[in-house]
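Comments concern the structure below.
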Amino acid sequence: MKTLIELLQYGQSYWLDNLTREKITSGELKKRVDDQGLRGVTSNPSIFNKSITSGSDYDDQIAKLVKEGKAPAQIYDELTIKDVQDACDILFPVYEKSDGTDGFVSLEVPPYLARDTEGTIKESRRLYNAVGKKNCLIKIPGTKEGVPAIEQMLYEGVNINITLLFSIESYVEVAKAYINAITRRVAEGKPIDHIISVASVFISRIDVLTDQLLGQYIIKNEENKNPNRTHPLSGKAGIATARLCYQRFKEIFSGENWKKLEEKGAHVQRPLWASTSNKDPLYNDLRYVDPLIGENTINTLPDKTIETFAKHGILKKDAIEDDLDQARALFGELKKLGIDISFVTQQLEDEGIQKFTEAYNKLISNLADKRLKMLGGKTS
């Protein structure tokens with residue numbers, strides 16, 4: 001576990017991407033925080049679906065809520081809020097020791113609101129107040145419709161984890177939204193030292209889709225002479241995106257205007273690398289971990305990747321600054337092959353919303369089934 005603990009010395013926090021009640025009640029989450037350097041936790045509908053519908057950890061609370069006459073969506077709401085509250089309590093010492101910059105637990109607004117600005121604003125307010133913890137982050141997708149909601153919530157003092165970012169352009173938009181929000185607060189004499197936001201860039205999914213398109217290019221242009229050969233550009237788009245986002249991060253959070261905000265207590269909006277488990281067996285298990293270490297960054301990792309990194313992760317200062325010329329040239333090279341990265345990232349955003357919505361709907365359906373069984377097959 002030494003590697004996990006020392007990671008912070010290189011400027012990066014690692015967060016767990018798998019919040020479950022079993023991790024909370026068994027003491028595992030606290031052990032990770034106390035002994036293994038864990039600095040935060042994230043969640044999403046897919047994670048909660050697996051957690052709530054497998055095993056019996058939630059059955060007692062579900063039964064209680066069913067007796068109270070709660071509908072499936074209300075049951076989901078109370079289950080997730082309780083998990084986030086309990087996890088926030090476990091992470092609170094980290095929050096205090098880091099002066100309120102780490103130790104966060106994230107809770108996502110329902111994914112069907114991803115294209116609904118006003119709906120996102122209302123739900124973000126409600127969830128943040130319902131959790132009632134300083135170290136809670138509300139997750140809002142960085143869609144076109146999400147950006148105004150992100151700015152408004154930050155302006156109101158709600159800490160935000162911006163999710164489902166796939167492009168450099170989207171990253172820049174949400175960074176600007178953060179600065180706009182705290183600038184508005186300063187203009188009105190409101191404090192900004194407690195306003196926190198992270199921008200979650202989803203890495204591995206970029207490679208999955210880009211590599212599929214490169215595979216099609218090989219088949220189309222080489223007459224399938226060697227279908228098992230990968231293209232020289234395969235597996236590079238995700239890391240390149242992260243590295244270029246990081247360069248924009250350094251540009252945006254520097255200069256005279258930023259320094260004036262910083263003097264009033266502003267914190268940088270840290271980039272968070274999400275979707276960092278390797279999806280292709282041809283690549284190294286730590287492909288999206290070792291190369292993305294950098295100052296003022298977060299990497300959110302699944303259990304297996306954390307275990308692997310603890311065993312043989314490589315700590316290199318400012319690894320994210322490597323191969324920048326290659327990263328800058330990559331998307332032009334892809335375009336020459338007929339692969340438009342803007343098409344890739346828009347499709348990934350649409351697919352991400354769809355997948356989270358499907359997971360949310362499946363979870364609500366599963367809760368409806370549990371509820372019906374607990375009612376003895378009778379609807380109330």
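Values as computed for the structure displayed
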| read-out | value |
| --- | --- |
| Cα centroid of segment 177-204 to Cα centroid of segment 311-361, whole Å | 24 Å |
| Rg/Rg_globular for segment 65-174, with Rg_globular taken as 2.2 N^0.38 Å and Rg from C-alpha atoms | 1.12 |
| Once exposed loop trypsin sites (Lys or Arg not before Pro) are cut out (DSSP; at most 10 other Cβ, 10 Å), longest piece of the chain | 1-224 |
| All Cα pairs of segment 190-289, percent lying beyond 25 Å | 41 percent |
| Entries of LYS50/LYS370; LYS30/LYS70; LYS279/LYS317; LYS50/LYS97; LYS23/LYS304; LYS70/LYS144 with Cα pairs more than 22 Å apart | LYS30/LYS70; LYS279/LYS317; LYS50/LYS97; LYS70/LYS144 |
| Gain upon complete extension [ILE314, GLU78; 0.36 nm per residue less C-alpha separation] | 80.9 nm |
| Kyte-Doolittle mean at least -0.5 and Cα axial length at least 20 Å: DSSP H helices in the chain | 72-97, 168-187, 204-221, 237-252, 341-374 |
| Karplus 3J(HN,Hα) series, Hz, for segment 8-14 with 6.51 cos²θ - 1.76 cosθ + 1.60 (x for Gly, Pro) | 4, 5, 9, x, 10, 9, 10 |
| Residues TYR217, TYR171, sorted so that the one with the fewest Cβ neighbours within 10 Å comes first | TYR217, TYR171 |
| Choice from PRO281, PRO271, PRO93 with maximal GNM fluctuation in the chain (Cα, 10 Å cutoff) | PRO281 |
| Built amide H within the under 5 Å cut-off of ASN18, gap 5+ | THR42 |
| For the chain, built as a Gaussian network whose Cα springs stay under 10 Å, the top-fluctuating residue of PHE48, PHE331, PHE343 | PHE343 |
| Cleavage-rule hits (GluC sites (Glu not before Pro)) in segment 13-88: DSSP loop, at most 16 neighbouring Cβ within 10 angstrom | GLU68 |
| Contour minus Cα-Cα distance for LYS260 and GLU169 (0.36 nm per residue) | 30.3 nm |
| Whole-number percent relative contact order across the chain, with pairs defined as alpha carbons under 8 Å at least 6 apart | 21 percent |
| Sequence-distant aspartates and glutamates (8 or more away, or on other chains) whose Cα lies within less than 13 Å of LYS259 | GLU251 |
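All of the numbers you see were taken from the coordinates with simple rules; none came from a lab. These figures come from a predicted structure and were not determined experimentally. Please note: Cβ atoms are built from the backbone with ideal geometry, for glycine as well, and neighbour counts cover all protein chains shown.
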